[in-house]
Each structure stands twice: as C-alpha cells, then as structure tokens.
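Enquirer: Here it is, the structure in full.
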Amino acid sequence: MTNTPTAPTDFAEYVDCTPLLDDRKALDEFYDEHGYVFLRGVLDRDLVRKSAEEMLAGLVALGAARPDATLDDLVIDSFEAVDEVAMHGYVKYDDFWNHPSTLKVFEQVFGEPVFVFRSTTIRYYPSQAAAREPNFSYLTPYHQDGFYIGPNKDFRTAWVPLIGTTAGTGGVALADGSHKRGPRDHVLNENYRRFNHPVRGIPPQDIEPGETLRYSEMDQGDVLIFHAFMCHKSVPNLATEPPLMRMSMDTRVQPATSHRGFNAVTPWTESAKDASKGIMAKITGTPIEAE
Ligand SMILES: O=C(O)CCC(=O)C(=O)O
C-alpha cells in the first residue's frame with residue numbers, strides 16, 4: 001500500500017466553527033455533518049505557550065536542542081533520537097487539558113461535563129526538507145482513532161498546536177464527513193511504525209472523492225476536535241526558510257459519564273508497555289485483555 005506524505009497544498013481549509021460556539025444547535029449540526037469542530041483562539045495562549053516552553057526545555061535537557069534554543073529558532077536533528085518516554089516527564093499536559101479554561105471549551109463543544117484521557121501524544125517533528133534520508137515513519141497514515149481506541153467510541157480527539165503550524169510544518173489532515181460511514185478496515189502498512197511495529201492504516205483509495213481533505217495552518221490558542229471515526233492522517237513537516245519545528249499534542253476527550261477504557265485511564269508512558277492492552281494490542285495484533 002502506498003501512502004506517501006503529501007504537501008498541504010492539496011488540501012481545502014478547515015471551516016472555522018468559532019462563530020458557532022454559542023449556538024448549540026448549529027454547532028451540533030456542523031459536527032454531525034462534518035465530523036469535526038475547528039476553533040480559533042479559544043484556548044488560553046499563555047497556557048499553550050507554557051506547554052511549548054516545557055517541550056523546548058525537555059528537548060534541551062535531553063540534549064536534542066541547543067541550550068540557548070528558543071521557540072523561534074528551535075531545531076532538532078531527529079524525532080526518533082529523542083527519548084519519547086522521558087519527554088513525557090517534561091510536558092505537563094494533564095495540567096493543560098484539565099485547566100478550567102480548557103475544560104470550559106471542551107464542555108461547550110460537548111454540551112456536557114467531560115473527562116480528558118490520561119494518555120496524550122506529544123509531537124516534536126523537525127523538518128525533513130533538507131534531510132539526506134528523510135524519515136516519515138513516525139507519522140500516521142490514514143486511520144480512525146476509533147480503530148485503535150475503545151471500547152466506547154463516543155470520545156473525540158483534541159489536537160492542539162503548541163507553536164503555530166504552517167503549510168510547511170504540516171499537522172493533521174481530515175477527510176470531511178468520513179466519520180459517517182462508521183468503522184473502516186485498517187490494513188498493515190510497513191511505511192509507518194510505532195513502538196517498532198508497523199501500524200495499520202486505511203488504504204488511501206478508501207477515502208471517497210466527496211470526503212474533502214482539509215488542512216489549515218493553526219495558531220497558538222486554536223484547537224481541532226474530531227470524531228472517533230474521522231479518517232485523518234499526518235501532514236509531514238517539509239518546512240524551509242526557516243525549517244521550523246512542528247510542535248503539537250493530542251488527546252481524547254469523552255463525556256464524563258461514559259465508560260472509561262484502558263487508554264482513557266492509563267498514561268501514555270504506561271500504556272506503551274503492555275502489548276495485551278489498549279492501543280498496543282491493536283498495533284501488535286495481540287489478543288486484547290483490556291480495551
Ligand atoms: O499529529 C499528527 O501527525 C497525527 C495526529 C493523529 O493521527 C491523531 O491524533 O490520531
């Protein structure tokens with residue numbers, strides 16, 4: 001299966017739903033139809049910046065970035081050379097997600113109290129534009145988070161840039177309305193790997209022409225929230241002049257009253273250890289003991 005990263009120029013923009021935030025009916029109708037909500041400038045920018053600074057501090061402490069690096073000039077050689085588990089100790093994302101101002105936004109979108117997953121993915125991807133051997137294997141092919149995460153599928157993914165993303169630095173692309181067809185087959189894809197295992201993805205030909213691919217540049221304070229069955233994939237970092245980093249983090253959010261599965265209650269650093277539980281069971285194809 002080929003699923004080569006494509007440049008953001010192939011994409012339409014996300015629709016800005018910020019004007020719908022106070023209109024329950026319109027917001028729900030948009031989400032039901034399109035499978036996502038894109039909000040501009042709704043998160044506390046100082047908090048976002050704090051998480052970005054924490055990520056920078058981690059990269060410096062682990063020797064991946066120059067000691068005098070700033071968010072404006074940060075570069076690292078390689079995502080894979082950085083100890084991802086150690087990095088999770090630097091970024092205080094639980095504090096960010098559970099800050100009253102962040103929860104307020106989630107609750108406005110859900111229309112009810114929410115629970116934020118203890119598992120967060122942090123991403124610090126350098127540009128591959130000038131790399132002698134560009135590596136995209138840590139990016140994600142088309143997939144639905146609901147394939148990997150359960151058992152309940154009423155969670156939504158929340159994706160936040162820690163510094164602004166650009167057409168060059170990439171981010172995440174969504175196939176508009178693709179959640180409506182429900183779960184899709186995911187097949188093994190040797191081009192992408194997680195925890196040293198090839199991951200499963202949706203073959204690109206399964207994305208229908210009417211499922212418009214969307215990507216927009218995002219600023220600190222913006223958030224993208226999407227359905228468990230939204231087909232989506234990484235957009236690679238091919239930034240030049242300057243070769244900016246892509247720094248973002250994503251978690252899952254669900255109604256507070258819903259069942260809390262393994263990934264919901266287990267921090268990322270723990271969930272990566274057990275191949276019979278949660279996302280690792282899906283990645284390794286191990287019979288599942290706890291979802
Ligand atoms: O940020 C990315 O590159 C991909 C994000 C993603 O696939 C996800 O949040 O499930």
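The values are calculated or read from the model by the stated rules, or taken from the named source; none is laboratory data. The structure displayed is predicted, hence computed values, not measured ones. Note that each Cβ is placed from the backbone with ideal geometry, even for glycine, and that neighbours are counted across all protein chains shown.
Enquirer: Considering region 217-234 alone, what residues qualify as being surrounded by fewer than 24 Cβ atoms within 10 Å (Cβ to Cβ) and out of contact with any Leu (no Cβ under 8 Å at 6 or more places or on another chain)?
Expert: Matches in region 217-234: Glu217, Asp219, Ala228, Phe229.
Enquirer: Sticking with this one: Based on what the data block shows, is Ile279 out of contact with any Gly (no Cβ under 7 Å at 6 or more places or on another chain) and within 15 Å of the ligand (Cβ to nearest atom)?
Expert: Yes: the conditions hold for Ile279.
Enquirer: Does Ile122 meet the test of being modelled with pLDDT of 95 or more, β-branched (Val, Ile, Thr) and more than 24 Å from Phe38 (Cα to Cα)? Walk me through how you get there before you give the answer.
Expert: Details: modelled with pLDDT of 95 or more: yes; β-branched (Val, Ile, Thr): yes; more than 24 Å from Phe38 (Cα to Cα): no.
When the stated conditions are applied, Ile122 does not pass them.
Enquirer: For region 212-248, which positions are closer than 15 Å to Thr165 by Cα, near the ligand (Cβ under 10 Å from one of its atoms) and in a strand (DSSP E or B)?
Expert: Leu224, Ser234, Val235, Arg246, Ser248
Enquirer: Among the residues of region 97-127, how many are polar (S, T, N, Q) and more than 19 Å from the chain's Cα centre (by Cα)?
Expert: Selection size over region 97-127: 2.
Enquirer: Please state which of the following conditions Glu133 fails to meet, knowing it meets all the rest: (1) over 30 Å from Leu27 (Cβ atoms); (2) surrounded by 13 or more Cβ atoms within 10 Å (Cβ to Cβ); (3) more than 18 Å from the chain's Cα centre (by Cα).
Expert: (2)
Enquirer: Then there's this: Only residues in region 227-246 that are touching a residue at least 60 places away in the same chain (Cβ under 8 Å) count as the first member; pair them with residues that are of a type in the set (Asp, Glu) and near the ligand (Cβ under 10 Å from one of its atoms), Cβ under 6 angstrom, at least 6 apart or cross-chain, and list the lot.
Expert: Listed pairs, sorted by first residue: Ala228/Asp145.
Enquirer: All but one of (1) farther than 17 Å from Pro141 by Cβ; (2) surrounded by fewer than 19 Cβ atoms within 10 Å (Cβ to Cβ); (3) of a type outside the set (Asp, Glu) hold for Pro183, so report the exception by its number.
Expert: (1)
Enquirer: In region 168-198, how many are in a strand (DSSP E or B) and either touching a helix residue (DSSP H, G or I) at 6+ places or on another chain (Cβ under 7 Å) or over 24 Å from Ser276 (Cβ atoms) (or both)? Explain how you work it out, then say what you get.
Expert: At the first step, the residues of region 168-198 found to be in a strand (DSSP E or B) are 171-175, 187-194, 197-198.
Of the ones still in play, those that are also either touching a helix residue (DSSP H, G or I) at 6+ places or on another chain (Cβ under 7 Å) or over 24 Å from Ser276 (Cβ atoms) (or both) are 171-175, 191, 194, 197.
Total meeting the criteria: 8.
Enquirer: Looking at (1) in contact with a Ser or Thr (Cβ under 6 Å, 6 or more places away or on another chain); (2) of a type outside the set (Phe, Trp, Tyr); (3) over 29 Å from Asp72 (Cα atoms), which one does Asn237 not meet, given that it meets all the others?
Expert: (3)
Enquirer: Check Thr166 against each of (1) within 16 Å of the chain's Cα centre (by Cα); (2) crowded, with 24+ Cβ neighbours inside 10 Å and name the one condition it does not meet.
Expert: Failing condition for Thr166: (2).
Enquirer: Something else now. Kindly indicate the residue of region 63-91 that is loosely packed, with under 12 Cβ neighbours inside 10 Å and charged (D, E, K, R) and also farthest from Lys25 (Cα to Cα) among those meeting that condition.
Expert: Asp68
Enquirer: Looking at Val105, Val116, which is the one that is at pLDDT 95 or above, in contact with a strand residue (DSSP E or B) (Cβ under 9 Å, 6 or more places away or on another chain), aliphatic (A, V, I, L, M) and under 26 Å from Phe195 (Cβ atoms)?
Expert: Val116
Enquirer: If you don't mind, another one. Taking region 198-211 as the search range and keeping residues that are over 30 Å from Asp77 (Cβ atoms) and aliphatic (A, V, I, L, M), which one is farthest from the ligand (Cβ to nearest atom)?
Expert: Result: Ile207.
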